[in-house]
Structure formats: C-alpha cells, structure tokens
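S.K.: Just passing along the structure, written as structure tokens.
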Amino acid sequence: MSGNHNLLRRWQGPMTRELLQKPAAFGLGKVPERLVPNATTRMVCGFCSTGCSLDAHLVDGHAVNLTPTAVHSVNLGMACPKGWEALTPLEAADRATVPLLRDERGVLRPVSWRKAMERFCGEFRRIQETHGPDSVAWLGSGQITTEELAFLGALGKFGMGIRHGDGNTRQCMASSVVAYKQAFGFDAPPFTYADFEQSDVIVLVGSNLAIAHPILWQRVLRNRNNPQIVVLDPRTTETASAATLHLPLGPKSDLVLLYSLAHILIARDWVDHGFISKSTSGYDAFRKFVAPFTPDFAAGQSGLKVEVIEQLAEMIHNGKAVSFWWTMGVNQGHEAVRTAQAIINLALMTGNIGRPGTGANSITGQCNAMGSRLFSNTTSLFGGRDFESADDRRAVADILNLSVDRIPDTNSLAYDEIVAGIREGRIKGLWLVGTNPSHSWIHQGEFNELIRNLEFFVVQDMYHSTETAQRADLMLPAAGWGEKEGTFINSERRFGVIKKVRRPPGEAMSDFDIFRLVAHFWGCGELFADWTTPERVFQIVKQLSAGRPCDITGIRDYQALDDCGGIQWPWCGNGGDAGNPPTERRLFEDGRFFTEDQRARFLVETPRPPGEVPDSQFPWILLTGRGTSAQWHTQSRTSKSQILQKLYPAGLYLELNPEDAARVGVGTGDRVRITSRRGSIHASVFITSTVRPGQVFLPMHYPQVNRLTYAEFDPYSRQPSYKSCAVRIDVAN
Ligand SMILES: Nc1nc2c(c(=O)[nH]1)N[C@H]1C(S)=C(S)[C@@H](COP(=O)(O)OP(=O)(O)OC[C@H]3O[C@@H](n4cnc5c(=O)[nH]c(N)nc54)[C@H](O)[C@@H]3O)O[C@H]1N2
Ligand SMILES: Nc1nc2c(c(=O)[nH]1)N[C@H]1C(S)=C(S)[C@@H](COP(=O)(O)OP(=O)(O)OC[C@H]3O[C@@H](n4cnc5c(=O)[nH]c(N)nc54)[C@H](O)[C@@H]3O)O[C@H]1N2
Ligand code: SF4
Ligand SMILES: [Mo]
C-alpha cells in the first residue's frame, strides 16, 4: 500500500487533488466512502457464476480475511480455491493506481484524472465528429456489477450517442441467450441449484463442472437419488471420470447425436404427449426433421457405439427427473444455438422442465454474465427489450425520463463485427471495460494487429499489466470486487450483493464512479443526476425490470438481498408487500412460456461441418478450455496468489494422447511446437489418455493459446467457436 501512496503523492496533479477533495465540482457529488464497518459482512464471490456467499472479516472496515458463509442456499459453507483467495489479487504490485496516457514517445505515463477525462472525451468526440457517431464502440464485461453495466449502457448509448456496445459475455453466453429467446420467448435459464440434488439423471453436455463450477459439482455429489451422471465431452475430464456414463463424442458432433436421441425417443414413443400438446409448438415438423437421424448415422458421425447412444436414450426415458446442463462445449461452436436448442428439445419432448430436478439448463460463466445479458443495454434494450420496437423504446424513455430519440432504433454490432469494423476502418475508437481480449479473443494475432489502427484505445482495468492494457492509449485504473458495491446475478437468476471491504489503491475508482466522471466530462451529467450511488441505480434497474419476465420490483434494497441470502428473479413481492421470497424457485412450473402463444418452440437446422477441419497438413483438432479450478481466464487476478500458483502448472502444457506422442516422438515434459494456419506456439508435452488420438487440448489461461484459434462464429449468436481448429505438432528445436 505504501508504494501506492507514494505514487499518489508523486503523480497527484492539482486537478486530481481537487477531484478527490471536492468531488462535487466534477459532478461526482459525495464519493460514497461506505466501507462496511462491522466485524463480518457477507458478499457474493467475484469469479464464477455460481455466486458463492463469502463472509469477509473486517478490522476498521478493512477485510483481513474471508471464509465461505456457513449457512447459505448456494454454497452450503463451501468455496473453491479462487473464492478462498479472492482478497489476495487486490494487493498485487501491478494494480493500476493512476490513469496512464501514452506520450509522444509511445510510453504510458501517469496523468491526473482531469487530464485523462479531457483526453478521453476529447478524442472520442473528435473521432465521432470526423468519422460519424458510429465510429466509436465499447466492450464491457460480465465481471462488473449490474449497476455498472446499466450505467455504461445508458451512458454509452443515451449519453454519448454510441450505438455499438457489446461485451465479453459474447465469448461466453450469447449462444444460450439466443437459444432461450427463440425457444422460450425470453433469455430465461429455468433452474435452481437444488435441481442438481433432485434429479435422478443428470446429463452434462460440454461442461467440465468439477473444474469450472466446483461448488455446483459438490451439489451433484450431494444428490441422494444415486443419480446417473452422463457426460458428453470429447475428453475424459475430471467430470467425465466421475460420471456413470461418459460419451466421448467426436468434437462438434453434438448436434447429430442430440437429434438421434430425439429420433430414438420418438421411435419408441418415449415422449410426453400431454406436455407436448399443452405447452409446445412445432412438434410435428420436429418429428419429421429428426426421422433421418438414426442411431447408425449418429454413431458414424460421432464415433460412438449405437448401443451407447441407445443406452442414453433409455436412461432419459427411465429417469423420473432428468436435468440437462450445458456450458462452453456447446456455446462455443459453429452451430451452437441449434445445439443448445437440440438440448432444449429433449427436455421439452420428455416433459422434463418446470419440475424439481429437471430442466434445459445453461450454466453461466462469469459472476455477472446474467447481469450483462439483461441490463447492459448492449444486445438487448434494458430488461431484455428490443431496440427495434418503438413500444420498448418508449417504455425505457419514460422510465428514465429521457427523450426517446436518444435511444438507438437498431441493434449494436456484435463483438466480432466491431472487430471487423476496425479492420474496415469504420471503427476508430474503442473503450474496453473489464476484459482482456489481447489474450482472450479468438485469433488473437489479428486482433492485436488491428487495434494498432485505432485512433484512440481506452482500457479500464484493475491492472496496468494486462496484455490489452499494455497496448492502450489511455489506461483507467479501476477498483475491483471487494472495493465497491453493487449486485451480481448468478446462474440460477439470483441477485446477490458485493461490498466495499477494501479501499481501492491509489487513485483507482470504481467503474461506477469512472462512468459518473465520464458523464460529467462528456457534458451529459444532467442525464444521470439520479445515478449517484449503486443503490440508487439498483432502484432504477428495478423500474426497468417492472412487468418484464425478469421483474425484481419486489426486492426492496440491498439489505433485503443480504437478509434473504440473495433473491432469484422474478420477484415482484406478494401484493405490494415485498415479503420474503422462498429460498429456491424454478421457472415454467405452470407449463407456460414467454412466447406470444405461451408455448415453447421446437427449433432445428441441418447440421454442417465446422469451417476448419483436420487435413494432412494440420492433422490434429485443438480443443481449448479451463485448466484448473485455481486459474481464472487470462490470469490477471489468479496469477497474483502464491497459494493458487501452487495449484496449477506454471507454463503452458499440451495434453497429448500416448499414441500421438509416439507418432510425434515425444515424452512428457518435452517441448513441442504447435502450429495452426494462424500462428505457432511452444508448450511442454503432458501425455495423457484423457484426450483421444487426433485431438489435443490446451488450457486457455496462457496468453499464447489464442494465437492458434480459428475465428468462426455461430451465425445467430455471433459467439466465437473457441473449441475447434486444426493444428500440427512438431518436436521443438
Ligand atoms: N476455474 C475456472 N472456473 C471457471 C472459469 C475459469 O476461467 N476458471 N471460467 C468461467 C466461465 S466465464 C465459463 S464460460 C465457464 C466455462 O465452463 P466449461 O464450459 O465447463 O469449461 P470449458 O473447459 O471451457 O469447456 C467445457 C468442456 O467442453 C469440452 N468440449 C470441447 N469441444 C466440445 C464439443 O464439441 N462437444 C462437447 N460436448 N464438448 C466439447 C471441452 O473438452 C471441455 O472439457 O467456467 C467458469 N468457471
Ligand atoms: N481459447 C479459448 N479462449 C477463450 C475461452 C476458451 O474456452 N478458449 N473462453 C472464453 C470465455 S467463456 C470468456 S468468458 C472469455 C474471458 O475473457 P476476458 O474477459 O478477457 O478474461 P478475464 O481474464 O476475466 O478479463 C477480465 C479483465 O477485467 C479485469 N477486471 C476484473 N474485475 C474488474 C472490475 O471490477 N473492473 C474493471 N474495470 N476491470 C476488472 C481483470 O483484471 C481482467 O483484465 O475468454 C474467452 N476466451
Ligand atoms: S465456485 Fe465460483 S463462486 Fe464459488 S468460490 Fe469458486 S469461483 Fe467463487
Ligand atoms: Mo465465459
């Protein structure tokens, strides 16, 4: 900390001092300095979407330690290593403590907040005036709070006139969003975590739950029905090894396999006719469509045995409560939306939805991906509304008390289209908040080339050292989880609060306060006169949710969230009296969906191969994903804990099957070069039969991995297909 204070003294220009001492002069009002005073306070974790509750233990408002909350319906007293170590990354030496601006010599140098803001707003305005209002864009993050996402979305679109805003949830959840919207009429994951314990058949598709959602895996292990646990994953993951049935299907053969399961269920009349006729539409067309997808055909396409496919169909039929879960093995694919819908189709046709232990359930990734999906004002207008609907625009304008022509009447470009806009010279200014695409974006080499063409590139992050921050023209120092207030929405639709239990280092400010500052310097501060504290904005978010499927008007305030251990949407209270909601709720118990006719839709499309498949030059399929439960994404946070460091390999490793290792002539620990059409990287070999011959696996946490990936996108969700490209392996010399 003392280093930060020195920096503060050294670099605090008079304007910055003025900002910190007289915030009102900057439209900031009183900077909320609400460090929680009591000895222990409760907050949700800031890594994954499980949303575990953690108790921070405080001395003079400063968290000195934390433990998982003993009694809480989400994590039942447990936390994974990241949760236990959540405070440590806040103390890292590479925290950004002052704004940094690139000087004429190309060096990032500390500047005052006033200078930073003048430059940011000046450059973005200049670009808009020269190249048109749509020549600047922003990308947000599922790791900032709902209130911050709402602020960024309102400021960007209504205040600054920026039409194109997207976020890192595109890399992650977009396919689920579109699949649900089309099938259910709203982006509505139906489950509650108790479903993991109440199923007798649990089908996990492209999910490595034991690593990526370790506490949800613990919930599976608590299931007393002696459940069948089925894993569909090309690799024998930690989750697959613990399953009762593992189907190591060929990469990207899910769609054919899922259609053939439907084929078998129909052929044997193992379907719920009552549910289908009462609650769904499109079944007849669906039945005809899946007729050619025989088990033989699926076996040929997926490399699985016919008997295994039939065995799974039988399990689904025999199960009393069957739940289907999916994650990135589905969402990150070239036909991801249809694959997710093929899972939804199975749940619908067997009536496995709306009852305990059932559901077509997409598990979310980041702690607040759900907040981003509903309230970031990027792909959908606030509250899951439609930018293209005049009624929806009018409703939002009325709630926010702004002129309706401030609301764009067309949708934003998707992330990859913003990148394409940079390529084509249409986008000249980019503002990133809480995401690190120089590491995480698909075909990273191209992205890193392209951002050099930007006229002004702003990165707002907790650390000045990220691959992306190092490339910025302006770096804005942000407070992180634990240093600010707000809400996250977890995978089961539960709102939970985060709290300020640490002071941000140096001059770093919460994203919320940075947005207030931007509004002031842009000259649209009056639009946000009411947006003074996160809790005030929570009340605005409540209004934006009113009458929507995600209605939360019954949640009184943050205190109510604390008292109830979080509250799932929807919650509009009981007849005006907010009351206490039940601790667990699932959607669609009445068999009615959010579509116009209240029926869920069967949706299908002919499967097709991915854009890049192995050939003689690049004979292996490269799979990527999470490596360990101690590593988070691009490692800006998890690499800062010495405890977590001990739980994962320091350098990049390639998982290679023994047969393939013999073919290449390498053993465990040897160095290899992995080459795709886009780049070449080095890794050490880890020989393991968890990957099949012809397939290799690289964990995404190491910065070089996305040099190899092939930029292909689902046509409906525009989500990148991170999980399949063709590579060659050579002995490194
Ligand atoms: N420890 C840790 N936990 C995390 C994260 C983290 O970085 N670290 N990130 C969080 C986020 S944002 C997300 S989105 C989730 C991701 O959670 P998961 O999706 O569970 O994690 P992944 O490892 O990306 O992918 C899951 C599996 O998909 C498999 N797969 C690859 N191709 C296919 C295919 O064609 N079909 C099928 N069926 N499977 C395939 C891979 O082999 C992999 O085992 O994790 C969250 N939790
Ligand atoms: N090859 C491959 N690539 C992948 C994937 C894969 O499976 N394979 N998975 C994809 C998926 S699912 C995801 S979600 C993405 C994740 O990709 P990213 O979003 O790029 O990953 P993170 O490392 O989580 O980046 C978050 C950044 O925000 C910063 N940060 C954290 N908290 C705050 C805050 O409160 N405010 C601000 N301003 N900054 C903050 C962190 O320091 C970090 O730099 O990666 C994708 N990339
Ligand atoms: S499982 Fe997810 S929410 Fe729970 S402690 Fe680990 S990272 Fe945090
Ligand atoms: Mo994700």
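S.K.: Per the Cauchy relation, a quarter of the hull surface: what is the mean projected area of the convex hull of the alpha carbons in the stretch 218-263, in nm²?
M.R.: Numbers: hull surface 15.5 nm².
Dividing the Cα hull surface by four gives the mean projection, 3.9 nm².
S.K.: Moving on. Compute the Rg/Rh shape ratio of the stretch 608-667: radius of gyration over Kirkwood radius, all on alpha-carbon atoms. Walk me through the numbers before you get to the answer.
M.R.: On the way: Rg = 15.9 Å, Rh = 14.5 Å.
Result: Rg/Rh = 1.10.
S.K.: Once you have a ≥ b ≥ c as the square roots of the Cα gyration tensor eigenvalues for the stretch 174-362, tell me rounded if a/c is under 1.5, and otherwise prolate or oblate according to whether a/b is larger than b/c. Kindly include the intermediate steps, with their values, before the conclusion.
M.R.: Numbers: a/c = 1.31, a/b = 1.13, b/c = 1.16.
Since a/c stays below 1.5, the shape of the stretch 174-362 is classed as rounded.
S.K.: If each residue of separation counts as 0.36 nm, what is the full-extension length gain between residue 39 and residue 71 once their alpha-carbon separation is subtracted?
M.R.: Numbers: separation 32, 0.36 × 32 = 11.52 nm, distance 1.76 nm.
Here the answer is 9.8 nm.
S.K.: Still on this model: Modelling each spin label as a point 7 Å along the Cα-to-Cβ direction, I'd like the residue 503/residue 91 distance in nm, to one decimal.
M.R.: Taking the simple label geometry, residue 503 and residue 91 are separated by 1.6 nm.
S.K.: Subtracting the Cα-Cα distance from 0.36 nm times the residue separation, let me have the gained length for residue 305 to residue 398 in nm, one decimal.
M.R.: Details: separation 93, 0.36 × 93 = 33.48 nm, distance 5.84 nm.
Full extension from residue 305 to residue 398 adds 27.6 nm.
S.K.: R0 = 60 Å: FRET efficiency of residue 104 with residue 583, Cβ-based, nearest 0.05? Don't skip to the answer; put the middle values down first.
M.R.: Values: r = 59 Å, r/R0 = 0.98.
For R0 = 60 Å, the calculated efficiency reads 0.55.
S.K.: Positive end of the dipole of the chain, charges at C-beta (+1 Lys, Arg; -1 Asp, Glu), about the Cα centre: which of 622, 667, 697 has its Cα farthest in that direction?
M.R.: So the residue furthest toward the plus end is 667.
S.K.: Can you tell me the length gained on complete extension of the stretch residue 449 to residue 686, counting 0.36 nm per residue apart and subtracting the Cα distance? Don't skip to the end; give the middle numbers.
M.R.: Numbers: separation 237, 0.36 × 237 = 85.32 nm, distance 3.15 nm.
Once the chain is fully extended between residue 449 and residue 686, it gains 82.2 nm.
S.K.: Right, here's the next one. If each DSSP helix of 4+ residues adds -39,500 (n - 2.57) and the sum is divided by the residues in the chain, what number results at 222 nm, nearest 500 deg cm²/dmol? Working shown, then result.
M.R.: Numbers: 27 runs with 230 residues, N = 733.
Helix-only estimate at 222 nm: -8500 deg cm²/dmol.
S.K.: Which value in nm describes the separation of the simple spin-label points at residue 732 and residue 57, placed 7 Å from the Cα toward the beta carbon?
M.R.: That separation, rounded to one decimal, is 4.3 nm.
S.K.: At most 11 other C-beta atoms within 10 Å and a DSSP loop state: those are the exposed trypsin sites (Lys or Arg not before Pro) I care about. Give me the longest piece of the chain that has none.
M.R.: Values: sites that count: 30, 105, 222, 224, 646.
The reported range is 225-645.
S.K.: Here is a further query. To the nearest 20 debye, what is the magnitude of the charge dipole of the chain about its Cα centre, counting +1 on the Cβ of each Lys and Arg and -1 on the Cβ of each Asp and Glu?
M.R.: About 1160 debye.
S.K.: Follow-up question, since we're still on this one. Is there a quick way to get the dipole size of the stretch 593-706? I mean about its Cα centre, with the Cβ of Lys and Arg at +1 and of Asp and Glu at -1; what is the value in debye to the nearest 20? Before the final figure, lay out the partial values.
M.R.: On the way: 13 positive and 9 negative charges, 84 e Å.
Using Cβ point charges on Lys, Arg, Asp and Glu, the stretch 593-706 gives about 400 debye.
S.K.: Residue 59: accessible area at probe 1.4 Å, nearest 10 Å²?
M.R.: Looks like 80 Å² after rounding.
S.K.: Compute for the chain: radius of gyration divided by Kirkwood radius, i.e. Rg/Rh, restricted to C-alpha atoms, rounded to two decimals.
M.R.: Numbers: Rg = 25.0 Å, Rh = 26.2 Å.
Checking Rg against Rh, the ratio lands at 0.95.
S.K.: Could you tell me what percent of the accessible area of the stretch 174-362 is made up of carbon and sulfur, with a 1.4 Å probe and every protein chain present?
M.R.: Values: 2780 of 5540 Å².
Carbon and sulfur: 50 percent of the exposed surface of the stretch 174-362.
S.K.: Would you mind checking 288/542; 640/723; 542/646; 428/542; 305/723 for any pair whose Cα atoms are more than 32 angstrom apart?
M.R.: Numbers: 288/542 44 Å; 640/723 27 Å; 542/646 43 Å; 428/542 35 Å; 305/723 23 Å.
With Cα atoms farther than 32 Å apart: 288/542; 542/646; 428/542.
S.K.: Can you find, among 400, 192, 116, the residue sitting farthest towards the positive end of the charge dipole of the chain, where Lys and Arg contribute +1 and Asp and Glu -1 at Cβ?
M.R.: 116
S.K.: Related question: Can you give the convex hull volume per residue for the Cα atoms of the stretch 550-631, as a whole number of Å³?
M.R.: Details: hull volume 18.0 nm³, N = 82.
Spread over its residues, the Cα hull of the stretch 550-631 gives 220 Å³ apiece.
S.K.: Under unit Cβ charges (Lys, Arg +1; Asp, Glu -1), what dipole magnitude, rounded to 20 debye, does the stretch 254-344 have relative to its Cα centre? Before the final figure, lay out each step's value.
M.R.: Working: 7 positive and 9 negative charges, 44 e Å.
My answer is approximately 220 debye.
S.K.: Give me the distance in nm between label points sitting 7 Å out from Cα along the Cα-to-Cβ direction at residue 662 and residue 129, one decimal.
M.R.: That separation, rounded to one decimal, is 7.1 nm.
S.K.: Counting Lys and Arg as +1 and Asp and Glu as -1, what is the net charge of the other residues whose Cβ lies under 14 Å from the Cβ of residue 522? Let's see the in-between values first.
M.R.: Numbers: positive: 114, 119, 125, 126, 157, 406, 516; negative: 118, 123, 129, 526.
Here the charged neighbours net out to +3.
S.K.: Still on this structure, I have one more. Towards the positive end of the charge dipole of the stretch 530-657, with charges on Cβ (+1 Lys, Arg; -1 Asp, Glu), say which of 657, 541, 555 has the farthest Cα.
M.R.: Positive-most Cα among the choices belongs to 657.
S.K.: Related question: In whole percent, how big is the carbon plus sulfur part of the accessible area of the stretch 634-728, probe 1.4 Å, protein atoms only? Present the calculation step by step, with values, prior to reporting the outcome.
M.R.: Details: 1900 of 3650 Å².
Here carbon and sulfur together make up 52 percent of the probe-accessible area.
S.K.: Rg(Cα) of the stretch 620-731 divided by 2.2 N^0.38 Å? Walk me through the numbers before you get to the answer.
M.R.: Values: Rg = 14.3 Å, N = 112, 2.2 N^0.38 = 13.2 Å.
Compared with the compact-globule rule of thumb, the stretch 620-731 sits at 1.08.
S.K.: Rolling a 1.4 angstrom probe over the protein heavy atoms, how many square angstrom per residue are accessible across the chain? Intermediate values should be presented prior to the final figure.
M.R.: Details: 25510 Å² over 733 residues.
Ligands and nucleic acids excluded, the figure is 35 Å² per residue.
S.K.: Can you give the three extents of the C-alpha atoms in the stretch 495-539 along their principal axes, from longest to shortest, in whole Å?
M.R.: 32, 29, 12
S.K.: For the stretch 94-156, how big is Rg over Rh, using alpha carbon atoms and the Kirkwood form of Rh?
M.R.: Numbers: Rg = 14.2 Å, Rh = 13.9 Å.
Here the Rg-to-Rh quotient is 1.02.
S.K.: What FRET efficiency comes out for the pair residue 318/residue 605, r = Cβ-Cβ distance, R0 = 25 Å, nearest 0.05? Walk me through the intermediate numbers first.
M.R.: On the way: r = 29 Å, r/R0 = 1.17.
After rounding, the FRET efficiency stands at 0.30.
S.K.: Continuing with this model, one more query. Any idea what diffusion coefficient the stretch 70-204 gets from Stokes-Einstein, in µm²/s, Kirkwood Rh on alpha carbon pairs, 4 °C, 1.567 mPa s?
M.R.: Details: Rh = 19.7 Å.
Answer from the Stokes-Einstein relation: 66 µm²/s.
The values are calculated or read from the model by the stated rules, or taken from the named source; none is laboratory data. Bear in mind the structure is a predicted one, so any value in this text is a computation, not a measurement. Counting neighbours? That spans all protein chains shown, and the Cβs are built from the backbone with ideal geometry, glycine included. For accessibility, only protein heavy atoms count, side chains too; no ligands or nucleic acids. Shrake-Rupley method; radii C 1.70, N 1.55, O 1.52, S 1.80 Å.
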